[in-house]
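A short write-up of the structure that comes next.
Bear in mind that the values in this text are calculations on the coordinates, not laboratory data. This one's a predicted model, so the numbers in the text were calculated from it and none came from an experiment. Cβ atoms come from the backbone with ideal geometry, glycine included; neighbour counts cover every protein chain shown.
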């Protein structure tokens, strides 16, 4: 079986190891435009050596943002400033770089987490859209149900953002169909109460997300990878079933999907999650063994031994880490040292990883050293 530090092919792209930087919203953009915070954040994580560097959720329109401070790729300014960040990373390291394209749907117009989360005050909100005119929870605005014109517009926004991502030089796109955002809302019977061709049965509910996937795949070059992030469960009895998610991903595979990133929840405010180490790995295993796509797992994967065991046991093909990287941007180096693997390190930092230095940490230092 492969190990954590073996290469992984996701479609036409080869990752140098099986560790992904999981998309993590920074809530620090201005009208979707990244600034020096995003440059510092992604660059200092990228030099840490993970196999796939991913942006945070990057929204395809102003209306599709989670918060007023979320990253976007819907204007020339967004494109120019993201290109600056990609260039900075490539100047330091030759590695695959991906972007997660997203639309927040009915969970848009929200406060930042450190401002309390939840919906913005009425005077600061913008109109949100969703499959159905059903709010996310009490106190949230009622979204506008997308009509045929709205559906076409959102799909075109994904296409335009994809073309921008190609011009910038991204290698990978992950379409965000998880965590209660628009594409997930269409998939879930909890949020999708339509009675037209886009609602009702599981096949009808996945029709629009697949239409978006097809439109993106058509303009995204074949030499680049396209994947999905999915919620394998809504963590509520009335939510989507894992079997329905499997059927959705299998349909996407037949349309050119190269990988799947398996998460969970987000569509229901009253979800009940049993948090424990690797609590979503079993869902990834089920998708991996059933659909057969390269599969990433995410959710309280924190230690190198745990991550390696997930790979060597065949439970997933890769691991996506989020908070672990915020706590320790050099997690990959520590994992390589613990597991006896070789991994990228910029030459400026090599003396901090030398065998002589590491050995010296284990013995008392004299005052003369």
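Tally the DSSP beta bridges in the chain and give the antiparallel ones as a percent, rounded to 5.
15 percent
Could you work out the Kirkwood radius for the stretch 233-311, taking every pair of different alpha carbons, averaging 1/r and inverting it, reported in Å?
In the stretch 233-311 this quantity evaluates to 13.4 Å.
What is the pair-distance distribution P(r) of the chain, computed from all Cα-Cα distances in 20 Å bins starting at 0, with each bin given as a whole percent?
30, 58, 11, 1
Does anyone have the angle between helix 148-168 and the longest principal axis of the chain? Alpha-carbon axes, 0 to 90°, nearest 10?
The two axes meet at around 20 degrees.
If you stretched the chain out fully between residue 334 and residue 1, how much longer would it get, using 0.36 nm times the residue separation minus the C-alpha to C-alpha distance?
Answer, rounded to one decimal: 117.7 nm.
Divide by every residue of the chain the summed helix terms, -39500 (n - 2.57) for each DSSP H run of at least 4, and state the resulting mean residue ellipticity at 222 nm, rounded to the nearest 500 deg cm²/dmol.
One gets -10000 deg cm²/dmol as the mean residue ellipticity at 222 nm.
Please state the equivalent ellipsoid semi-axes for the stretch 3-129: what are the square roots of 5 times the Cα gyration tensor eigenvalues, largest first, in whole Å?
Value: 29, 15, 13 Å, ordered largest first.
Among 263, 313, rank each residue by its count of other Cβ atoms within 10 Å, from fewest to most, as a rough exposure measure.
313, 263
Could you tell me how many degrees, from 0 to 90 and to the nearest 10, lie between the Cα long axis of helix 207-219 and the main elongation axis, the longest principal axis, of the Cα atoms of the chain?
The helix 207-219 is inclined about 60 degrees to the chain.
For residue 80 and residue 279, compute 0.36 nm times the residue count separating them, minus their Cα-Cα distance, and round to one decimal in nm.
67.8 nm
Find how much the distance from residue 201 to residue 306 grows on full extension, using 0.36 nm per residue of separation minus their present alpha carbon separation; answer in nm with one decimal.
Stretched out fully, the residue 201 to residue 306 stretch lengthens by 34.0 nm.
Can you pull the percent of Cα pairs in the stretch 163-273 with separation above 19 Å?
42 percent
Arranged by the count of other C-beta atoms within 10 angstrom, fewest first, what order do 5, 296, 158 take?
Result, fewest neighbours first: 5, 158, 296.
Please order 326, 120 by the number of other Cβ within 10 Å, starting at the fewest.
326, 120
Could you state the angle between the C-alpha long axis of helix 242-253 and the longest principal axis of the C-alpha atoms of the chain, as a value from 0 to 90 degrees rounded to the nearest 10?
So the helix axis and the longest Cα principal axis differ by about 80 degrees.
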